[in-house]
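> Here it is, the structure in full.
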Amino acid sequence: MATGREFPICTNDADPTQPAIDGSIVVWSDQRNGDYDIYGYDLAKSVEFPVYVGPGEQFFPVVSGNLVVWQDGRDGQVDIWGVYIPEPAALSLLALGGLAILGRRKAVGCRRQAPGCRL
């Protein structure tokens, strides 16, 4: 990866917004499927991948290591959801449609109202 030069990460016209970065992983939300979903990009591999694509609006993603969390409105109220993304070597397969890898990701959720809510 060259330093000192700008380079594109997400150039679609689906209103990419709210980027966050940790290490070589960048995450953001965009509307390429009609509502906001969460996507990622591995800077070391130059590979984009879906983090979460589903019903409702997903926004304000944050990444720490291989954990991505976001605000999620899939059931009509705003909750906090998270997912452990695959190791960087698996991201290339995921970007190519590796649904078996996508299906094995561990997702966790937390309702705002729940006492002692932890991820």
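Any read-out appearing in this document is the output of simple, stated calculations on the displayed coordinates, not a laboratory observation. Everything numeric here is computed off the predicted structure, so don't read it as measured data. With ideal geometry, Cβ positions are generated from the backbone for all residues, glycine too; neighbour counts draw on all protein chains shown.
> Can you sort F49, F59 by how many other beta carbons sit within 10 Å, fewest first?
Fewest-to-most Cβ neighbours within 10 Å comes out as F59, F49.
> Read phi for every residue in the range 32-43 and hand back ³J(HN,Hα) as whole Hz from Karplus 6.51 cos²θ - 1.76 cosθ + 1.60, θ = phi - 60°, with x for Gly and Pro.
Values per residue, Gly and Pro as x: 4, 10, x, 9, 6, 10, 9, 10, x, 9, 8, 4 Hz.
> Rounded to whole Å, give me the distance from the Cα center of the range 39-81 to that of the range 1-32.
13
> Additional query: Could you give the nm distance between label points at F7 and Q31, where each point is 7 Å from its Cα heading toward the beta carbon?
Once both label points are built, they end up 3.0 nm from each other.
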